[in-house]
Amino acid sequence: MFSKLINHIMKLAELICMLLLGIAVTFVTLQIVFRYFLSSPLGWTEQTSRFCFIWIVMLGIPIMFYRKCEISFDFIREKMPEKLHNIVLLVFDLLAIFFCVLYFIYSISLCIRTGGRLTSGIAVPLNCLYAVQPISAVLTLLVFVERVKETLKLKKGGE
């Protein structure tokens, strides 16, 4: 049940990333057309597309871990016995959970501290930009909890 929920959440995050990428590409294209062909640059497209890219990157972090696309040293992994590898993965995942909790706490604090402040270009509350950080922290936390659950299930099943 938990795995299906994570799967649906990650598909939604991927959909949001695709939508934001489409919006950012559209805004950048608009800026090119208005600046170079119409000689009348738009003031809001650069900052809006930058915000879209920030959201894409931050939502991409849990997606990357969900798809197990993180960077690893294969030559170390190949030399490591399977049991040691599973222990190392479990320790890494537990440390990642700890980091996600800290990141969530500090990102909520950042959102609260920036309450009421607006961005300079398009006058959007900074909270809208920073809100992706606690969202990313929670989604990444869910992914790592699922990975720990799977690792422990495999360990029990293997013994």
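The values are calculated or read from the model by the stated rules, or taken from the named source; none is laboratory data. Quick caveat: nothing in here was measured; it's all calculated off a predicted structure. A quick note on method: Cβ atoms are made from the backbone with ideal geometry, for glycine too, and the neighbour counts reach across all protein chains shown. The protein model used for the area step is the full one, side chains on, heavy atoms only, and it has no ligands, DNA or RNA in it. Shrake-Rupley method; radii C 1.70, N 1.55, O 1.52, S 1.80 Å.
Residue pairs whose Cβ atoms lie under 6 Å apart, sitting 6 or more positions apart in sequence or on different chains, and linking a residue in region 38-51 that is open to solvent by less than 40 Å² (accessible area, probe 1.4 Å) to a partner that is at pLDDT below 85 and not aliphatic (A, V, I, L, M), are GLN47/GLY121. Residues in region 95-147 that are assigned to a helix (DSSP H, G or I), in contact with a helix residue (DSSP H, G or I) (Cβ under 8 Å, 6 or more places away or on another chain) and polar (S, T, N, Q) were compared, and the one that is farthest from PHE65 (Cα to Cα) is ASN127. Filtered by the rule that a residue be modelled with pLDDT under 85, surrounded by 10 or more Cβ atoms within 10 Å (Cβ to Cβ) and part of a helix (DSSP H, G or I), region 52-83 gives ILE76, ARG77, LYS79, LYS83.
Among the residues of region 11-62, those identified as charged (D, E, K, R) and over 30 Å from PHE99 (Cβ atoms) are ARG35, GLU46.
For region 117-137, the condition of being touching a residue at least 40 places away in the same chain (Cβ under 8 Å), of a type in the set (D, E, K, R) and over 22 Å from MET10 (Cβ atoms) holds for none of the residues.
Taken over region 111-137, the criterion of being of a type in the set (A, V, I, L, M, F, W, C), crowded, with 16+ Cβ neighbours inside 10 Å and farther than 16 Å from PRO62 by Cα is satisfied by CYS111, LEU126, LEU129. Taking THR140 as the residue in question, decide whether it is among the β-branched types (Val, Ile, Thr), modelled with pLDDT of 90 or more and either touching a His at 6+ places or on another chain (Cβ under 8 Å) or open to solvent by less than 50 Å² (accessible area, probe 1.4 Å) (or both). Spelling it out, THR140 is indeed among the β-branched types (Val, Ile, Thr), modelled with pLDDT of 90 or more and either touching a His at 6+ places or on another chain (Cβ under 8 Å) or open to solvent by less than 50 Å² (accessible area, probe 1.4 Å) (or both). When LEU90, LEU102 are checked against the criterion of being closer than 26 Å to PHE2 by Cβ and surrounded by 15 or more Cβ atoms within 10 Å (Cβ to Cβ), LEU90 stands alone in meeting it.
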